[in-house]
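Let me begin by presenting the structure, written as C-alpha cells, before commenting on it.
The values are calculated or read from the model by the stated rules, or taken from the named source; none is laboratory data. These figures come from a predicted structure and were not determined experimentally. Please note: Cβ atoms are built from the backbone with ideal geometry, for glycine as well, and neighbour counts cover all protein chains shown.
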Amino acid sequence: MAPTPAEHRAGRRLRAVAHTSGQTLPLVVVFMFSILVFAGLVIDFGNAYRVQKALQASADASATAGAGQLTMAYPPSSANATTAAGKYGSQSGGSNPIRGVPAGNVSQNVSVTCAPQAGYNCTNGYPNTVTVDETANVPTYLLKLLGFSTIQLKAYAQACSPCGGVPLDVMVVLDRTGSMSSNSKLSQAKAGINAFMKTMDPTLDDVGLAVLPPAPSTSQSCVDVDPYFNSTKRYPDGSQQYDGNGGTYSMGNAAYVLVPLSNSYATSTGNLNMSSSFMSTLNCVKAGGGTAYAEAIDAAYQELVKDGRAGTQKIIVFLSDGAANDAPTFMASTSPYRTNPCGQGVTSAGVAKAAKVLVYSIAYTADGDECDAAIGAKIGGTTVQWYGSSRWGTPETPSMPAETALEKIASPGSQYFYDLPNPTSLTGIFQQIASDITAGQSRIVQ
C-alpha cells in the first residue's frame with residue numbers, strides 16, 4: 001500500500017532532521033574543543049602568571065641574600081654568598097616553595113662575580129655581585145589534555161654589595177700613645193690603615209688623619225711628644241716610676257688633625273701616593289704621651305664639618321689601645337674632659353653621631369683597663385694627684401671599663417665596634433670596615 005501524502009511529508013521531514021543532525025555534530029565538537037582550549041588558556045596561563053611572579057620574588061630574595069653576605073666577612077666569601085642565595089630559592093631545600101609547583105620542578109643557578117658599579121671598582125678583584133637564574137616547570141591542568149603537561153618559566157635577578165654609592169668623607173683617628181710602642185702595636189695599626197686606604201677611591205672619597213695625643217703643630221707632626229707630658233710617679237709610695245706614657249700636657253694650640261680631608265692619598269683605587277701628606281704623616285708619627293679620647297674626636301668631627309663636602313657620608317674610624325685618663329691642664333680642673341675622660345669621649349662621639357656621622361671604634365688591647373680622672377682634676381673638693389690604676393688613681397664617675405667606653409663611642413650596631421682584636425688582625429678589621437662603608441646595602445640591580 002503506497003504511503004499517503006501525509007506520511008510521505010512526515011518521512012521527508014525525518015530525513016531532513018537526520019541530515020541536519022549529521023551536519024551539526026562536527027560543529028558541536030569544534031565548539032567544545034574551542035571552549036576546552038580557551039579554558040586551558042585561562043586557567044593554566046593564569047596559574048603560570050602567578051607562578052612567574054612568585055619565581056621572580058624568589059630569585060630577587062636569593063640574589064639580595066647572597067649579596068648581603070659579601071660584606072659580612074673580609075675578604076668576601078663566594079661560598080657563603082652562594083649558600084645564602086640557595087637558602088631563599090624555590091628549589092628543593094629552599095625556603096620559598098611555590099604553591100602548586102613541586103620543588104623538584106624548580107632549578108636554581110647562582111654565580112658570584114665582580115661587576116663594577118658607580119663608585120665601586122672591584123678592589124682587589126673581590127666579588128660584589130650575585131646573579132641568580134631560576135627555572136620552573138609548572139604542571140598544567142587542562143592543557144595536558146592537549147599534550148602540554150608543563151609550562152616552563154624563567155626568572156633572573158642580580159644584586160650587588162658593595163654597590164658603590166655616595167662619596168665618603170672619612171676621618172681616621174689613631175691612638176699613638178706611648179703604650180702603642182709595645183708589641184709592634186703602632187706598626188700593626190699603621191699597616192691596617194694602609195690597607196684601609198687602598199680600598200678608598202680618590203675620585204669619590206676624601207680622607208683625613210687625626211691623632212691622640214696631639215702634635216705641638218701640624219709642622220711638627222713627626223716629633224716625639226713625650227717631652228710635652230709631665231713625668232710623675234705612678235704610685236705615691238714610689239714603688240714604680242711613671243714611664244712617660246701618661247700624665248698631663250699643656251699644648252693649648254696642639255694639632256689633633258695632622259692631615260685635613262683630601263683625596264691626594266692615592267692616584268687611583270689601590271695605588272697609594274706614598275709622598276702624599278696622609279701617607280707620609282701616617283708613616284712618620286711616633287708613639288708617645290697619654291690617652292685622651294674626647295679632644296681627638298672633637299677635632300675629627302670639626303674637620304668633617306669644616307672641610308666635609310655636601311652630599312657625602314661622614315665617617316670617623318677611631319682606634320685606641322686603652323683607657324682615657326689624661327687631659328690638658330689648660331682646661332678647668334672641674335671640666336669633664338679632666339674629671340671624666342672616657343665619659344667625655346662618649347659624649348663627644350655622641351655629638352658627631354647626632355649629626356649622622358657613622359663612628360667605627362676599635363678597642364685595641366683595652367682588656368681590663370679602667371677609666372680614671374686625669375691628674376689635676378678636682379672631684380668633690382679633692383684634687384687628683386696620681387695617674388692611673390685603681391690602687392692610687394681616682395676612677396671617673398660614673399666609672400666604666402675602657403672597653404665599655406669604646407663600645408659606646410661607636411655607632412649602634414655590631415658592625416661598628418671591634419672588641420680586643422689581636423695585633424695581627426688589625427689589617428683585616430680595617431679592610432672589613434672599608435668594605436662596610438663602601439657597601440651601603442645590597443640592592444637588586446637587574
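Per-structure values
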| item | result |
| --- | --- |
| Selection count, segment 134-166, where residues are farther than 30 Å from Pro202 by Cα, of a type outside the set (S, T, N, Q) and not in a strand (DSSP E or B) | 8 |
| Filter result for Asp326 (under 21 Å from Val170 (Cα atoms), surrounded by 20 or more Cβ atoms within 10 Å (Cβ to Cβ), in contact with a helix residue (DSSP H, G or I) (Cβ under 8 Å, 6 or more places away or on another chain) and of a type in the set (D, E, K, R)) | no |
| First in segment 200-212 and farther than 18 Å from Ser280 by Cα, second anywhere and assigned to a strand (DSSP E or B), Cβ under 6 Å, 6 or more apart | Asp205/Leu168 |
| Residue that is nearest to Gly428 (Cα to Cα) [pool: residues in segment 74-93 that are out of contact with any helix residue (DSSP H, G or I) (no Cβ under 7 Å at 6 or more places or on another chain) and touching a residue at least 40 places away in the same chain (Cβ under 8 Å)] | Pro75 |
| Selection status of Val170, in contact (Cβ under 8 Å) with a residue 24 or more places away in the chain, under 16 Å from Leu282 (Cβ atoms) and touching a strand residue (DSSP E or B) at 6+ places or on another chain (Cβ under 7 Å) | yes |
| Verdict on Ser442 being over 24 Å from Val207 (Cβ atoms), modelled with pLDDT under 90 and touching a Gly at 6+ places or on another chain (Cβ under 9 Å) | yes |
| Hey, Lys356 outside any strand (DSSP E or B) and basic (Lys, Arg) or not | yes |
| Single condition Pro412 does not satisfy, out of (1) modelled with pLDDT under 70; (2) more than 28 Å from Val112 (Cβ to Cβ); (3) surrounded by fewer than 16 Cβ atoms within 10 Å (Cβ to Cβ) | (1) |
| Verdict on Asp226 being at pLDDT 90 or above, crowded, with 16+ Cβ neighbours inside 10 Å, of a type in the set (D, E, K, R) and over 29 Å from Ser62 (Cβ atoms) | no |
| Residue check for Ala81: part of a helix (DSSP H, G or I) and surrounded by 16 or more Cβ atoms within 10 Å (Cβ to Cβ) | yes |
| Segment 67-78 - residue that is at pLDDT below 90 and not hydrophobic (A, V, I, L, M, F, W, C) and, of those, surrounded by the fewest Cβ atoms within 10 Å (Cβ to Cβ) | Pro75 |
| Answer residue from segment 183-205, given it is of a type in the set (Gly, Ala, Ser) and buried (at least 22 other Cβ atoms within 10 Å of the Cβ) and is nearest to Lys314 (Cα to Cα) among those | Gly192 |
| Filter result (in a helix (DSSP H, G or I), crowded, with 20+ Cβ neighbours inside 10 Å and within 24 Å of the chain's Cα centre (by Cα)) within segment 299-320 | Ala300, Tyr301, Glu303, Leu304 |
| Residues of segment 121-133 classified as closer than 30 Å to Thr203 by Cβ and part of a strand (DSSP E or B), total | 3 |
| Condition broken by Gln158, with the remaining ones in (1) of a type outside the set (A, V, I, L, M, F, W, C); (2) closer than 30 Å to Asn47 by Cβ; (3) surrounded by fewer than 19 Cβ atoms within 10 Å (Cβ to Cβ); (4) within 28 Å of the chain's Cα centre (by Cα) satisfied | (3) |
| Qualifying residues in segment 100-116 (those that are within 20 Å of Ser149 (Cα to Cα) and touching a helix residue (DSSP H, G or I) at 6+ places or on another chain (Cβ under 8 Å)) - the one surrounded by the most Cβ atoms within 10 Å (Cβ to Cβ) | Val106 |
| Selected residue (only one of Leu319, Leu258 is in the same structural domain as Ile362 (by TED's automatic domain parsing), modelled with pLDDT of 95 or more and of a type in the set (A, V, I, L, M)) | Leu258 |
| Subset of segment 44-61 [surrounded by fewer than 16 Cβ atoms within 10 Å (Cβ to Cβ) and either in contact with a Leu (Cβ under 8 Å, 6 or more places away or on another chain) or not hydroxyl-bearing (Ser, Thr, Tyr) (or both)] | Phe45, Gly46, Arg50, Lys53 |
| Looking only at segment 258-294, and only at residues there that are in contact with a Gly (Cβ under 9 Å, 6 or more places away or on another chain) and in a helix (DSSP H, G or I), the one that is surrounded by the fewest Cβ atoms within 10 Å (Cβ to Cβ) | Ala294 |
| Filter result for Thr312 (at positive phi and of a type outside the set (A, V, I, L, M)) | no |
| Test for Ser179: is it assigned to a helix (DSSP H, G or I), out of contact with any strand residue (DSSP E or B) (no Cβ under 9 Å at 6 or more places or on another chain) and buried (at least 21 other Cβ atoms within 10 Å of the Cβ) | yes |
